[in-house]
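Structure first, commentary second.
Coordinate-derived values only; no laboratory data. These numbers come from a predicted model, not from an experiment. Heads up, the Cβs are rebuilt from the backbone with ideal geometry, glycines too, and the neighbour counts pull from every protein chain shown.
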Amino acid sequence: MVGSWRLNIGFGVFGAILTFLFSLSNNPIGTTCIRSFYAFLVFAAIAFVVRLVFGQLMNPVKKMEAIDAPEEDRGTVLDISTPDDGDSLSEMMKEQWAEGKGETAASGFEPLQPTRLVSLDNPNPQEVVQAIRRLTDE
């Protein structure tokens, strides 16, 4: 741990005096003393927790000593190799290229041909009925 128990006591006394001064004008002396004692305990506990956390952060060596020597390298080296699929990939591409040349242009790309858009200014009743039937899937 960082520091000593005197740090806990000093921080607790600081909190007790601060609470005593702020509480004296609004409360009777008994209530002020009780609240100052509680403030002393809380501030001392806070100082203890802060010392404990700083002690753990400053001394990570203790954790590393528990790890065995062979496991120290675990996770530090990454050895990844991918299989060489270059030959099989090029053969597949050649086969697809040869199949594509023998086919006709009809099986190639054909752009969509959407139906003509109709304005709503003068709708044709038959077109409206057909559109409603298409929308309701009847």
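The stretch between TRP97 and LEU24 holds 17.0 nm of extra length on full extension. This uses 0.36 nm per residue minus the Cα-Cα distance.
Starting with the fewest neighbours, write out ASP87, ASP137 ranked by other beta-carbon atoms found within 10 Å of each beta-carbon. List each step's numbers first, then the result.
Details: ASP87 8, ASP137 5.
Fewest-to-most Cβ neighbours within 10 Å comes out as ASP137, ASP87.
Between LEU120 and ILE80, the modelled label-to-label distance comes to 5.4 nm, taking each label 7 Å out from Cα in the direction of the beta carbon.
When VAL42, VAL49 are ordered from fewest to most other Cβ atoms inside 10 Å of their Cβ, what list results?
Values: VAL42 14, VAL49 11.
Least to most surrounded, the residues fall as VAL49, VAL42.
Working from label points 7 Å from Cα in the Cα-to-Cβ sense, the SER90 to ARG134 distance is 5.1 nm.
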